[in-house]
1. Of (1) at pLDDT 95 or above; (2) outside any strand (DSSP E or B); (3) among the hydrophobic types (A, V, I, L, M, F, W, C); (4) under 27 Å from Leu240 (Cα atoms), Ala109 satisfies all except one. Which?
2. Could you say which residue among Ser58, Ser23, Ser51, Ser63 is under 19 Å from Leu155 (Cβ atoms), among the polar types (S, T, N, Q) and at pLDDT 95 or above?
3. Looking at region 146-161, which of the residues that are in a helix (DSSP H, G or I) and among the small types (Gly, Ala, Ser) is surrounded by the fewest Cβ atoms within 10 Å (Cβ to Cβ)?
4. What are the residues in region 189-207 that are touching a strand residue (DSSP E or B) at 6+ places or on another chain (Cβ under 8 Å) and over 17 Å from Ala252 (Cα atoms), if any?
5. Which count do you get for residues in region 114-140 that are of a type in the set (Lys, Arg) and out of contact with any strand residue (DSSP E or B) (no Cβ under 7 Å at 6 or more places or on another chain)?
6. Scan region 21-80 residue by residue and report those that are in contact with a helix residue (DSSP H, G or I) (Cβ under 6 Å, 6 or more places away or on another chain), of a type in the set (Asp, Glu) and not in a loop (DSSP other than H, G, I, E, B).
7. Which of the following residues is in contact (Cβ under 8 Å) with a residue 40 or more places away in the chain and either of a type in the set (A, V, I, L, M, F, W, C) or not assigned by TED's automatic domain parsing to the domain that holds Leu150 (or both): Gly209, Gly223, Gly189?
8. Would you please name the residue that is surrounded by the most Cβ atoms within 10 Å (Cβ to Cβ), looking only at residues in region 235-255 that are of a type in the set (A, V, I, L, M) and modelled with pLDDT of 95 or more?
Amino acid sequence: MGRTRKPKLAVWKFASCDGCQLSLLDCEDELLDVVGAVEIAYFPEATRVSSRGPYDLSLVEGSITTLDDIRRIATIRKASKRLVTIGACATAGGIQALRNFKDVHEFVAAVYARPDYIDTLDRSLPIAHYVPVDFELRGCPINKYQLLELLSALLAGRRPSFPEHSVCIECKRRGAVCVMVAQGTPCLGPITHAGCGAICPAFARGCYGCYGPMETPNTASLGERWTALGVPPAAQARALRTFNAWAEPFRAAADAAAAAGKDRQP
């Protein structure tokens, strides 16, 4: 009998820090099971060996920031049976999406001695803006156990099982005291998707929103609470414009806070 062909896995990088790819490599012992179950056809971060598509699964890290990125992601989509975006950059534009709220040419002129050498788009956008995406795995970086669950589910032909609640539930499960109630510390936990294990609140810091918006986040209510804590609208907008700045619920809430801040200016 002939050998059963292993599914081909490809891992691609666009504008990002590589942290989400490293999450896969950090699986250590579990990675051996992954290697045994799939053929790693393309993964420059881990191996020099590469083979042509089509690919059964492509994991894509990073946001689209250049014209070449647009062409490349279209080629990857055509060569991939399933395409999954991993991390805040790929799912929400990443920290580089801050350019979307300013003039990118001002940034380029401030950073580079020869701005004329730089060819970049005015905006940093998630992969789903350009091509159909089969699944989005959030986080900055992603949770390696969620990544393993995703791979296992796709290999088994089932739907991945991920939490839909906020970081607040993780705080309760961990026994962490609510920093917003007990200390008056601004925290994005009530509107942020679970997945980090409530790391920041467990160390008496407010959540920074690394995993993006939870299902149906009540951003307006949280904004009112932050206002009661003395956080000005401009600071609220800045807090929402970080790792997941272009995620729609965060973007809309940040825009509203920024507009409110302008209205209050003399």
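The values are calculated or read from the model by the stated rules, or taken from the named source; none is laboratory data. Predicted, not measured: the structure shown is a model, and the values here were computed from it. All Cβ positions, even for glycine, are placed from backbone atoms using ideal geometry, and neighbour counts span all protein chains on display.
1. Unmet for Ala109, out of (1) at pLDDT 95 or above; (2) outside any strand (DSSP E or B); (3) among the hydrophobic types (A, V, I, L, M, F, W, C); (4) under 27 Å from Leu240 (Cα atoms): (1).
2. Values: Ser23 fails: at pLDDT 95 or above; Ser51 fails: at pLDDT 95 or above; Ser63 fails: under 19 Å from Leu155 (Cβ atoms).
Criteria check complete, one pass: Ser58.
3. Start the filter on region 146-161 by keeping residues that are in a helix (DSSP H, G or I), which leaves 146-156.
If we keep only those that are among the small types (Gly, Ala, Ser) as well, we get 152-153, 156.
Details: Ser152: 16, Ala153: 15, Ala156: 10.
Applying the filter and picking the extreme gives Ala156.
4. Start the filter on region 189-207 by keeping residues that are touching a strand residue (DSSP E or B) at 6+ places or on another chain (Cβ under 8 Å), which leaves 189-196, 207.
Gly189, Ala194, Gly195, Cys196, Cys207, listed by residue number.
5. To start, the set of residues in region 114-140 that are of a type in the set (Lys, Arg) comprises 114, 123, 138.
Filter again for out of contact with any strand residue (DSSP E or B) (no Cβ under 7 Å at 6 or more places or on another chain), leaving 114, 123.
Qualifying residue count, region 114-140: 2.
6. Residues satisfying the conditions are Glu30, Glu61.
7. Details: Gly223 fails: in contact (Cβ under 8 Å) with a residue 40 or more places away in the chain; Gly189 fails: in contact (Cβ under 8 Å) with a residue 40 or more places away in the chain.
Of Gly209, Gly223, Gly189, the one residue that is in contact (Cβ under 8 Å) with a residue 40 or more places away in the chain and either of a type in the set (A, V, I, L, M, F, W, C) or not assigned by TED's automatic domain parsing to the domain that holds Leu150 (or both) is Gly209.
8. Only one residue tops the list, namely Leu240.
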